[in-house]
Ligand SMILES: O=C(O)CCC(=O)C(=O)O
């Protein structure tokens with residue numbers, strides 16, 4: 001799949017684009033079922049809410065062939081190689097499920113941790129999100145600052161040893177201060193990113209984003225596949241593979257039916 005010149009321009013100006021209708025209902029159901037199964041894993045790759053229910057699984061494509069297939073789907077690989085002008089590898093993947101009254105995702109740039117912790121040298125990479133639920137203004141959509149990728153790294157370290165997941169996650173968290181956030185929003189504004197199930201978001205991994213608590217009864221399930229050009233790889237190996245890639249080989253795009261072939265019947 002090739003993006004139009006207009007889509008490319010929008011990506012460079014705003015920092016992201018949404019492509020609608022990439023996966024149909026049957027494919028979305030296959031991927032959602034896979035995501036729910038994978039989040040049942042007992043390991044440290046699954047992040048949990050205060051009540052113990054899972055809400056994140058890092059490295060999802062390493063644990064399930066259906067989720068590995070989505071990372072090789074031509075509708076993800078084609079646009080990201082086009083936008084980055086190079087072959088890409090998966091630096092990190094994750095599932096993020098926001099159920100009723102779960103946690104927030106604080107303002108951050110994915111590149112902040114990738115650079116400072118994983119040693120990814122340059123801000124060249126894309127956060128791809130596959131929508132497995134309809135996301136509207138009511139079920140905690142992603143919030144993002146359009147154009148913030150032009151500012152470079154604006155995040156600063158927040159080390160809070162009192163948070164429950166300190167060992168696993170929080171010591172690697174680089175957040176945006178309230179002052180920085182206010183200045184960014186004053187300059188660029190703030191958007192919600194809404195889309196129907198089956199859509200795909202491509203976002204520059206330096207865009208400032210986050211999300212609030214989902215107080216609606218409507219689940220919000222997204223898959224993330226974050227890719228970098230093969231010449232922009234992490235050099236530190238500070239985190240386990242489910243957080244940061246060890247396999248830097250270029251993703252070879254599979255056929256357009258690579259997810260569909262898991263649809264029963
Ligand atoms: O899905 C979300 O609300 C944000 C997820 C995210 O940005 C992250 O996990 O880094």
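The values are calculated or read from the model by the stated rules, or taken from the named source; none is laboratory data. What you are looking at is a predicted structure, and each value in this text was computed from that prediction instead of being measured. Virtual Cβ from ideal backbone geometry, glycine too; neighbours counted across all protein chains shown.
Does residue 94 fit the bill of being under 15 Å from the mean Cα position of the chain (by Cα), assigned to a loop (DSSP other than H, G, I, E, B), modelled with pLDDT of 90 or more and surrounded by 19 or more Cβ atoms within 10 Å (Cβ to Cβ)? Spelling it out, it is not the case that residue 94 is under 15 Å from the mean Cα position of the chain (by Cα), assigned to a loop (DSSP other than H, G, I, E, B), modelled with pLDDT of 90 or more and surrounded by 19 or more Cβ atoms within 10 Å (Cβ to Cβ).
Looking only at the stretch 105-121, residues that are touching a residue at least 40 places away in the same chain (Cβ under 8 Å), away from the ligand (no atom under 11 Å from the Cβ) and out of contact with any helix residue (DSSP H, G or I) (no Cβ under 8 Å at 6 or more places or on another chain) come to 3 in all.
Counting only residues that are within 27 Å of residue 221 (Cα to Cα), modelled with pLDDT under 95 and outside any loop (DSSP other than H, G, I, E, B), the stretch 112-159 holds 4 of them.
Out of curiosity, is residue 97 in contact with a strand residue (DSSP E or B) (Cβ under 9 Å, 6 or more places away or on another chain), within 22 Å of residue 257 (Cα to Cα) and within 14 Å of the ligand (Cβ to nearest atom)? Considered against the rule, which asks whether it is in contact with a strand residue (DSSP E or B) (Cβ under 9 Å, 6 or more places away or on another chain), within 22 Å of residue 257 (Cα to Cα) and within 14 Å of the ligand (Cβ to nearest atom), residue 97 comes out as no.
Cβ separations smaller than 6 Å between residues 6+ apart or across chains give the following pairs from the stretch 128-144 residues that are under 13 Å from residue 213 (Cα atoms) to residues that are within 11 Å of the ligand (Cβ to nearest atom) and in a loop (DSSP other than H, G, I, E, B): 139/214; 140/212; 140/214.
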